[in-house]
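Structure first, commentary second.
The values are calculated or read from the model by the stated rules, or taken from the named source; none is laboratory data. Nothing here was measured: the structure is a model prediction, and the numbers come from that model. Cβ atoms come from the backbone with ideal geometry, glycine included; neighbour counts cover every protein chain shown. Quick note on the areas: whole protein, heavy atoms, side chains included, nothing else; ligands and nucleic acids left out. Shrake-Rupley method; radii C 1.70, N 1.55, O 1.52, S 1.80 Å.
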Amino acid sequence: MAYETIIVEIEDHVALIKLNRPDALNALNEQLLSELATAVGEAQQNDKVRCVVLTGSEKAFAAGADIKMMSEKSFVDVFTEDLFTADIDAIQRIRKPIIAAVSGYALGGGCELAMMCDFIICSDTAKFGQPEINLGVIAGLGGTQRLTRFVGKSKAMDMNLTGRFMDAEEAERSGLVSRVVPVKKLMEEAMSAAQKIAEKSMISVMAAKESVNRSYETTLREGLLFERRVFHSLFASEDQKEGMAAFTEKRQAQFRDK
Ligand code: CAA
């Protein structure tokens, strides 16, 4: 499908989705979110795709929801149209792994979009923030919820109440991102992480993603039971036999997603 606000490339089993509204620092408007939801849905359906990398430009992953698009809307407008909900739900539904590769600004909805991904790799120039408070609103796509779970109450309150930005070093120290790399190495690092994931059995990759995500939704006792049952169920797969045989035979496993 032809897109105007994103660019999609598929390379070696990895779908690279690049946000592409350079004049607005990739601000998220309805068209971009709708195109992104479609592209993510296509990646889920495409058997050649085993991992997704979501990125922006060097200057901005995304500087938030599009303020110009929202500024004239009333409560009734955003409530009745349920602004962003359908597309965001579609983006969050992907069962294949999705990595955010963040350089520059990841603010407001941009930070929230990165946090919706399975993990974030960022460049040393990345800046994360929830500056919605400066606009007379609050975060609307997870900035008070996911950020709090990532970095704890004190930092999440600080960012949501003062609107200050967090740099890459603080983001890594606080658990918001998994890796920080020099800006010129960002895409190489993200693509190589995606390739590594693409080599695994898709069954265990999707099971691991589901199990980690479950830890955010349930008690430890229930989460541990869920994990154990999923672990047990993977013994019904051919890939479990292959993975363990390959270890014993000291060779590379050839997974077939069966
Ligand atoms: N919406 C719409 N346009 C935006 C935008 C946004 N969120 N962020 C940047 N732009 C536009 C600017 O208006 C500007 O366009 P023009 O040249 O046509 O004026 C262009 O992108 C470049 O931006 P700047 O000139 O401001 O660039 P800068 O380098 O001086 O500053 C910045 C960069 C600090 C990121 C600044 O642009 C900024 O503060 N942006 C807004 C950040 C923000 O408040 N995000 C939260 C949005 S609300 C939200 O996201 C709600 C939610 O949770 C769902």
remark   = Pairing a residue in region 29-49 that is assigned by the TED database to the domain that holds Ile10 with any residue that is part of a helix (DSSP H, G or I) and of a type in the set (Asp, Glu), where Cβ atoms lie under 6 Å and the two sit 6 or more apart in sequence or on different chains, gives Leu33/Asp87; Ser34/Asp87; Ala37/Asp87
note = Residues in region 1-37 that are of a type in the set (Phe, Trp, Tyr) and within 16 Å of the ligand (Cβ to nearest atom) total 0
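Would you mind stating whether Met206 is touching a Lys or Arg at 6+ places or on another chain (Cβ under 6 Å) and surrounded by fewer than 18 Cβ atoms within 10 Å (Cβ to Cβ)?
Details: touching a Lys or Arg at 6+ places or on another chain (Cβ under 6 Å): yes; surrounded by fewer than 18 Cβ atoms within 10 Å (Cβ to Cβ): yes.
Judged against the criteria, Met206 is a match.
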inquiry  = Tell me yes or no: at least one residue of region 64-78 is open to solvent by 60 Å² or more (accessible area, probe 1.4 Å), within 18 Å of Val205 (Cα to Cα) and of a type in the set (Asp, Glu).
reply    = no
ask   = When you scan region 9-22, how many residues do you find that are farther than 13 Å from Lys48 by Cα, open to solvent by less than 60 Å² (accessible area, probe 1.4 Å) and in a strand (DSSP E or B)?
value = 2
key: Residue in region 126-144 that is over 30 Å from Arg256 (Cβ atoms), away from the ligand (no atom under 14 Å from the Cβ), crowded, with 21+ Cβ neighbours inside 10 Å and in the same structural domain as Ala43 (by the TED database) present   = no
Hits in region 241-258 (condition: outside any helix (DSSP H, G or I) and open to solvent by less than 100 Å² (accessible area, probe 1.4 Å)) = Arg251, Ala253, Phe255, Asp257
query = Which ranges mark the strands (runs of 3 or more DSSP E) fully within region 38-106 that have 2 or more residues being more than 20 Å from Val212 (Cα to Cα) and within 16 Å of the ligand (Cβ to nearest atom)?
reply = 60-62
inquiry  = Would you confirm whether or not region 46-55 contains a residue that is out of contact with any strand residue (DSSP E or B) (no Cβ under 9 Å at 6 or more places or on another chain) and either of a type in the set (A, V, I, L, M) or crowded, with 24+ Cβ neighbours inside 10 Å (or both)?
reply    = no
message = Take Ser154 and tell me if it is at pLDDT 95 or above, of a type in the set (Ser, Thr, Tyr) and open to solvent by less than 60 Å² (accessible area, probe 1.4 Å).
response = no
